[in-house]
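Visitor: Pasting a structure below so you can have a look.
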Amino acid sequence: MASPALLARPDAGLPPAAAMLADLAVAALLDEAALSPKPGLVDGRGSGAHADLDLDLMCRSARALHPAFAAMAAAGLRAARPGVALRETLGALGREAEAAMMRATGGVNTHRGAIWSLGLLVGAAGWHRRAEGSHAAHAAPAAHSAHAVARTAGAVARLPDRHRPARTGHKGERACLDYGVRGARGQAQAGFPHVLRAGLPELRRSRARGDAEPSARVNALLAIMSRLDDTCVLARAGRDGLALMQSGAARVLDAGGIATLPGRRLLRALEAGMLACNASPGGAADLLAATFFLDRLPLAMASLDAAPASPQGDK
């Protein structure tokens, strides 16, 4: 079960790896929030299709989640295996994290989907850290590859949680029922395919051809948008809004991405269309944060291995 003491006092007895994984998760959320331009989403230019969100609120929410992510990472570090006990612990911590988010935002849902996705990933990364040993520097890059951690997170997500509410009433859940899509839960249970097959490949492809990092990140978002049955868009704009998002994002990428003049023009057209139908790809944004986390994880873990050993270690 969740540890309220750990959530309330995140620095008390926190393993270095848990702190680092929480730092990485929060940084991914902050970078996703500030990235511009993002069609329909809060970014550095404004609130997109959201009347109740702004960049300051998104950043405040992200920082409020640090203790919960640290607790989830610590749970992974303690777990003998990625089984039902870990699944239920992560679930309990996730529900506490959602309550912390609501307190930080005054009741506005900023990161519900991201808590689920990143919570599973930090827990899985913590378990991989334990499995490989605190100082297995030679094994860390393979053990903490995007595919390895996402695969473990997916396996945990597929396990039962006796304490999970049967129904939440959230918009994403209703969109899954109304439109027959799998949503954030299905994405995690499948091992984050849109991160591994769309977001990460496009991020790295864009970097390799010389795009600036912000352009590469927006292109990664567009790659996810072009494929994802985003329940946030479905809830706000139905199937027509989803089709507009997917086809418009694909056209930007086909034109060479936002580093090109045709790509930027098509992105402006996509954004105008999405704002007109009040569509915001919140599900894609959550997966972009997961993309950032998994992209940075191997180097972060290698850096932790290279640091002087802590007397406490990762236990």
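The values are calculated or read from the model by the stated rules, or taken from the named source; none is laboratory data. On a predicted model such as this, the values are computed, not experimentally measured, just so you know. Neighbour counts run over all protein chains shown; Cβ positions are idealised from the backbone, glycine included.
Visitor: Give 74, 70, 104, 92 a once-over and let me know the one that is in a helix (DSSP H, G or I), touching a His at 6+ places or on another chain (Cβ under 8 Å) and aliphatic (A, V, I, L, M).
Guide: When all the criteria are applied, what remains is 92.
Visitor: Pick out the one residue from 228, 200, 234 that is part of a helix (DSSP H, G or I), in contact (Cβ under 8 Å) with a residue 12 or more places away in the chain and buried (at least 24 other Cβ atoms within 10 Å of the Cβ).
Guide: 234
Visitor: Look through the range 211-221, keep the residues that are more than 22 Å from residue 147 (Cβ to Cβ) and in contact (Cβ under 8 Å) with a residue 24 or more places away in the chain, and return whichever of them is surrounded by the most Cβ atoms within 10 Å (Cβ to Cβ).
Guide: In this case the residue turns out to be 218.
Visitor: Still on this structure, please answer the following. Hey, any hits in the range 263-274 for a residue that's in a helix (DSSP H, G or I), within 17 Å of the chain's Cα centre (by Cα), at pLDDT 95 or above and hydrophobic (A, V, I, L, M, F, W, C)? Walk me through how you get there before you give the answer.
Guide: Filtering the range 263-274 for residues in a helix (DSSP H, G or I) gives 263-274.
Okay, now just the ones that are also within 17 Å of the chain's Cα centre (by Cα), so none.
Looking through the range 263-274, none of the residues is in a helix (DSSP H, G or I), within 17 Å of the chain's Cα centre (by Cα), at pLDDT 95 or above and hydrophobic (A, V, I, L, M, F, W, C).
Visitor: When the range 27-61 is examined, which residues are found to be crowded, with 22+ Cβ neighbours inside 10 Å and either of a type in the set (D, E, K, R) or part of a helix (DSSP H, G or I) (or both)?
Guide: Selection gives 28, 29, 32, 33, 38, 58, 61.
Visitor: In addition: Please name all residue pairs, on different chains or six or more residues apart, with Cβ atoms under 6 Å, provided the first residue is in the range 61-72 and is under 9 Å from residue 19 (Cα atoms) and the second residue is basic (Lys, Arg).
Guide: Short answer, once both residue conditions are applied: none.
Visitor: State yes or no: is residue 178 out of contact with any strand residue (DSSP E or B) (no Cβ under 6 Å at 6 or more places or on another chain), without any contact (Cβ under 8 Å) to a residue 60 or more places away in the chain and more than 27 Å from residue 257 (Cβ to Cβ)? Write out each step before concluding.
Guide: Working: out of contact with any strand residue (DSSP E or B) (no Cβ under 6 Å at 6 or more places or on another chain): yes; without any contact (Cβ under 8 Å) to a residue 60 or more places away in the chain: yes; more than 27 Å from residue 257 (Cβ to Cβ): yes.
Spelling it out, residue 178 is indeed out of contact with any strand residue (DSSP E or B) (no Cβ under 6 Å at 6 or more places or on another chain), without any contact (Cβ under 8 Å) to a residue 60 or more places away in the chain and more than 27 Å from residue 257 (Cβ to Cβ).
Residue-by-condition table, conditions (1) touching a Cys at 6+ places or on another chain (Cβ under 8 Å); (2) surrounded by 16 or more Cβ atoms within 10 Å (Cβ to Cβ); (3) closer than 20 Å to residue 117 by Cβ; (4) of a type in the set (Phe, Trp, Tyr):
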residue	(1), (2), (3), (4)
245	no, yes, yes, no
268	no, no, no, no
292	no, yes, yes, yes
302	no, no, no, no
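Visitor: Then there is this: Listed residues 181, 156, 195; which is at negative phi, surrounded by 15 or more Cβ atoms within 10 Å (Cβ to Cβ) and assigned to a loop (DSSP other than H, G, I, E, B)?
Guide: 181
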